[in-house]
Structures are given as structure tokens and as C-alpha cells.
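Notes to accompany the following structure.
Just so it is clear, none of the values below were taken in a lab; they were calculated from the coordinates. Just so it is clear, the model here is predicted, and its values are computed rather than measured. For neighbour counting, all protein chains shown are included, and Cβ atoms are generated from backbone atoms with ideal geometry for every residue, glycine included.
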Amino acid sequence: MPSLKIQRNFLLKNISSIKIGGRAKYFVEINSKKDLFEILKWVKQKNLPILIIGNASNILFSDGFFPGVVIRIKNSKNRKIIKKAKSVVVSSGMLISDFLNYCLKNQWRGYEWLAGIPGTIGGAVFGNAGAYGQEIGNYVVSVETIDISTKKVKKYSNRECHFAYRESIFKAKNEILWNVELKTIKGKKEQIEKEIKNYFQERIEKKNFLYPSLGCVFKNILVEELKNFEEIKKFNPPVRNGKISAGWLIEQCGLKGKKIGGAMIASFHANFIVNISNASSQDVKKLIALIKEKVSQKFNIQLKEEIIVFDY
Ligand SMILES: Cc1cc2nc3c(=O)[nH]c(=O)nc-3n(C[C@H](O)[C@H](O)[C@H](O)COP(=O)(O)OP(=O)(O)OC[C@H]3O[C@@H](n4cnc5c(N)ncnc54)[C@H](O)[C@@H]3O)c2cc1C
């Protein structure tokens, strides 16, 4: 057994932003590369499955028992942010809210729109998080990863990350994002502070934090990828940044407020599924299936999950 603090029979619900999840055989938080290599060696010896997480704000755990190790990347704890001339290297485990505080202190503008996204920088880069027409991929200079099987350190340039709408190459890799280099652009402190507050306030007004959730469940629909856009046009869909919102499609199916067990399609935002009362993963999955079925029937559009559904 490694010297690290490994928790047994850990209840994943306790760290999930939607407050759903059964138990994992082991759970460990990683602060340093040394700890990471130690745990990877142990996992290999014991031949255990692993799951890497950041702040678990975009992943739906199952209700069942995960017979492996959940590794939470918390590598920003004792590490300094590394400033370069036009960029900064941050640990993947840094919370977006902490990064925004650094931005404010150092007067770096451009990241204000991230305010209120409750994940880590690593999780954001993994899924190319975005909001208000912005995407984190546009700000990434490079990413350093550690290959889970070979333990080799790799470096990806922005182009090599293959960022696309809520996609990156890392979804197809067996690697841990360790450091992320992000562009820095000087701005005015008062302006940055005002914008962070405004974006955060907007999320409060949109009731983002009213109930436990994973944010938007489905990806919006890229109009350029729609084969039947002419047909859809008769419904007068609002198109923003080249996309039809999944929330609008769901709302048109009359599903707002629909409940299954303790989960509900939010009445204030049709693309949010919220945990209103001890919901299970099954409740959420049933709502996901229902939404897909209804949207497909009405619009002949196949919605795809933005969240990561982790089945085991
Ligand atoms: C209220 C609310 C609002 C939200 N608003 C938005 C929004 O506007 N835009 C948006 O894009 N998202 C939004 N989200 C979703 C989520 O917060 C973001 O996608 C966030 O960036 C995920 O980061 P995380 O650390 O929580 O990732 P996790 O949920 O922990 O993990 C997500 C995926 O990334 C992988 N991963 C995480 N860290 C690493 C790492 N270091 N190395 C390798 N793989 C890793 C995990 O394996 C998993 O597959 C919202 C969520 C909530 C609850």
C-alpha cells in the first residue's frame, strides 16, 4: 500500500456536484507527480481500473460500486503559478474560481466569462469548456500530460489539442492533464472585477446554483452539421453563434419541469437536469433517454451528451 492517504469504500455522491454516485473501492487526492507515480504503480500492480477527476462538476457517477480507484487531481495545492512573458502555467487541478482570483490580482483579462463554472482548469480543457461564445481552447498555449500506462510526460501545442465544440484530443487519450499554459493579456483591474461579478450575477439570476446539477447536459446543435435545417426552420429556432440551443429543443417538447424519481428537467433551464430530492443516477439517465426520444421524434435531431456519463 502506498504511503498516500487512500480512502476505502468512498461515497462518490459526497464529491459530485449533482450529489449522485455510489461507492468507489478506493479514493485518493493527488498533489504531486511523485504521489501520482506512486499511485499509478500501485494501481498497475493490483490491476485496478481508474477514473481521473477534477471537481466532478461534469461527470455523472453510477449508483453502483466502482471496483477501482478514483484519482482526484489536486495538484495546485503547494505549487506556485509560473508566469511567463505572455502566458502562465497553471496546475490542472486548480479551481477555475482560484484561477480567476489570480487573473484579477495580476490584471489578466479575457477569462471573466468563466466565472461561476465550478470545475478545475484540467476538467475545462478536457471538455473545452465554454460559455457566452467563448471557449477555453482559444486561450490554451500548451498542455502537459502524463501517460497513465507509460508514465511518460508529453506536451501538446494548441493545434495538437484538436479543440472543437466541447471536444479535445484528451477525450481519446489515456492521459492525465497535469499543467496548462494559458495566454495572458493585460487589462484593467476594475474592468476585470466588474465583468467577473456581472457574469457570476447572471448565473445566479439564471438559477444555475439553485439545485445540485452538472450544468448543461446536452451539447447545442451546430447548424452547419444539421442535414435537415430547412425542415427545422419552420419551427423558428433561435440560432446563436451558429448553434440551436439544446435547451430550446427540449422546451419545445414540453419537458420543462418533468420529474423522474428525485431528478427533474429544470423548469428554469431545460438543458439542466437537477437533483431535487435524493436523485439516483438511474433517474437522471431515464430523463436523458426521454429527452433524446422526444427531441428525435419532434425534430429528427439526435442530441449528444455534453456531460460525461461514467458507466461501470
Ligand atoms: C452550475 C454549473 C454550471 C456549469 N456551466 C458550464 C458552462 O457554462 N460551460 C461549460 O463548458 N461547462 C459548464 N459546467 C460543467 C463543468 O463545470 C465544466 O465542464 C468543468 O470545466 C468541468 O471540470 P471538472 O474539474 O469538474 O471536471 P470533472 O467533472 O471532474 O471531469 C470531467 C471530465 O474531465 C476529465 N478530467 C478532469 N480533470 C482531468 C485531468 N486533470 N486529466 C485528465 N482528465 C481529466 C474526467 O475524467 C471527466 O471525463 C457547469 C457545471 C455546473 C454544475
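Share of antiparallel DSSP beta bridges in segment 6-73, in percent to the nearest 5?
Values: 5 of 15 bridges.
Counting DSSP beta bridges with both partners in segment 6-73, the antiparallel share is about 35 percent.
Taking K and R as +1 and D and E as -1, what net charge do the other residues with C-beta under 9 Å from the C-beta of Val153 add up to?
Combined, the nearby Lys, Arg, Asp and Glu give +3.
Compute the Kirkwood hydrodynamic radius of segment 171-294, taking the inverse of the mean of 1/r over all pairs of distinct Cα atoms, and give it in Å to one decimal.
Radius from the Kirkwood sum: 17.3 Å.
Listing Val239, Val295 from the residue with the fewest other Cβ atoms within 10 Å to the one with the most, what is the order?
Val239, Val295
Note the direction-averaged projected area, equal to a quarter of the hull surface, for the Cα convex hull of segment 221-309, in nm².
Details: hull surface 23.0 nm².
Averaging across all directions leaves 5.7 nm² for the Cα convex hull.
Let me see the pair-distance distribution of segment 44-84: every alpha carbon pair, 10 Å bin width, integer percents in order.
Spelled out bin by bin, segment 44-84 gives 21, 40, 26, 11, 2 percent.
Checking a compactness column here: for the chain, what do you get for Rg(Cα) / (2.2 N^0.38 Å), N being the number of residues? Each step should come with its number before you reach the end.
Working: Rg = 20.0 Å, N = 312, 2.2 N^0.38 = 19.5 Å.
So the chain has a normalised radius of gyration of 1.02.
In units of 2.2 N^0.38 Å, what is the alpha-carbon radius of gyration of segment 82-204? Intermediate values should be presented prior to the final figure.
Working: Rg = 14.3 Å, N = 123, 2.2 N^0.38 = 13.7 Å.
After normalising by residue count via 2.2 N^0.38 Å, the value is 1.04.
Just to be sure I understand: of the beta bridges DSSP finds with both ends in the chain, what percent are antiparallel, rounded to 5?
Details: 41 of 53 bridges.
Restricted to the chain, the bridges split so that about 75 percent are antiparallel.
How high is the relative contact order of segment 99-217? Use alpha-carbon pairs under 8 Å, at least six apart in sequence, and give a whole percent.
Values: 155 pairs, mean separation 39.0, N = 119.
Worked out over segment 99-217, it gives 33 percent.
Take the Cα of Ala164, step 7 Å along the line toward its Cβ, and report every residue of segment 110-143 whose backbone nitrogen sits under 17 Å from that point.
Within reach of a label on Ala164: 126-130, 135-138.
What is the fewest-to-most order of Leu36, Leu290, Leu249 by other Cβ atoms lying within 10 Å of their Cβ? Working shown, then result.
Numbers: Leu36 22, Leu290 16, Leu249 26.
The most exposed by this proxy come first: Leu290, Leu36, Leu249.
Going by how many other Cβ atoms sit within 10 Å of their own, how do Phe65, Phe126 line up, fewest first? Don't jump to the answer; show the numbers that get you there.
On the way: Phe65 12, Phe126 28.
Listed from fewest to most nearby Cβ atoms, that is Phe65, Phe126.
Suppose a student asked you for the relative contact order of segment 1-92, using Cα pairs under 8 Å spaced at least 6 residues apart; what percent would you report? List each step's numbers first, then the result.
Details: 166 pairs, mean separation 28.2, N = 92.
Relative contact order of segment 1-92: 31 percent.
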